[in-house]
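The block underneath contains the structure these notes are about, expressed in structure tokens.
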Amino acid sequence: VTVADFNLESGYRLDETTVSFKPNTAEFVDKYAAVNAITELSAVLKANSNRSILLVGSTATYGDPGNCKMLSKQRAEAVKSLMIELGVSNNQINTVGIGQDEAPFKVKDLSENGTFIENKAKINRAVFVFDSNSEKMKLYN
């Protein structure tokens, strides 16, 4: 497995099928499953200490925007903590929480009339992993 396998330029998504959080918290539903989901990426980063990543926490378009931004940052930090436990250097990982903010890697989870679309929202409840030097990520660094 190499850095290229994770497509960090476009974004690698850790979503509810790989890293799941308890509702409205930054606590993992299953920490063991979360560790399994990030073990390979962590190993690649340990082997490439010159590479750094940006973990971008995101939420669905639901609830208080300020709270969502804070929660998304906490979730990105939770993933970072696990990666550090797996031996990745703290200096290789930056985090940001964008909450409900629009981003090129998010999908629209509200219909035209403002109705919440749960199956789309699940896609946005995630932590996205990007190469810190990616052109797309200059907005967040």
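The single condition from (1) hydrophobic (A, V, I, L, M, F, W, C); (2) assigned to a loop (DSSP other than H, G, I, E, B); (3) modelled with pLDDT under 85 that Ala4 fails is (2). Suppose the filter is closer than 14 Å to Asp131 by Cα, part of a helix (DSSP H, G or I) and open to solvent by less than 80 Å² (accessible area, probe 1.4 Å); does Val79 pass it? It is false that Val79 is closer than 14 Å to Asp131 by Cα, part of a helix (DSSP H, G or I) and open to solvent by less than 80 Å² (accessible area, probe 1.4 Å).
Residues in region 40-94 that are among the aliphatic types (A, V, I, L, M) and either more than 12 Å from the chain's Cα centre (by Cα) or more than 17 Å from Val127 (Cα to Cα) (or both): Leu41, Ala43, Val44, Leu45, Ala47, Ala60, Met70, Leu82, Met83, Ile84, Leu86, Val88.
Among the conditions (1) among the charged types (D, E, K, R); (2) at pLDDT 90 or above; (3) under 19 Å from Ile38 (Cβ atoms), the only one that Lys108 does not satisfy is (3). If you go through region 35-52 and keep only what is in a helix (DSSP H, G or I) and either open to solvent by 50 Å² or more (accessible area, probe 1.4 Å) or under 14 Å from Ser89 (Cβ atoms) (or both), you end up with Asn36, Thr39, Glu40, Leu41, Ser42, Ala43, Val44, Leu45, Lys46, Ala47.
Listed here are the residues, each with its yes/no results for (1) farther than 19 Å from Val35 by Cα; (2) surrounded by fewer than 17 Cβ atoms within 10 Å (Cβ to Cβ); (3) touching a Gly at 6+ places or on another chain (Cβ under 7 Å); (4) among the polar types (S, T, N, Q).
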{"position": "Leu54", "(1), (2), (3), (4)": "no, no, no, no"}
{"position": "Ser89", "(1), (2), (3), (4)": "no, yes, no, yes"}
{"position": "Asn94", "(1), (2), (3), (4)": "no, no, no, yes"}
{"position": "Ile123", "(1), (2), (3), (4)": "yes, no, no, no"}
{"position": "Val127", "(1), (2), (3), (4)": "no, no, yes, no"}
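The values are calculated or read from the model by the stated rules, or taken from the named source; none is laboratory data. All values reported here derive from a predicted model rather than from experimental measurement. Virtual Cβ from ideal backbone geometry, glycine too; neighbours counted across all protein chains shown. Quick note on the areas: whole protein, heavy atoms, side chains included, nothing else; ligands and nucleic acids left out. Shrake-Rupley method; radii C 1.70, N 1.55, O 1.52, S 1.80 Å.
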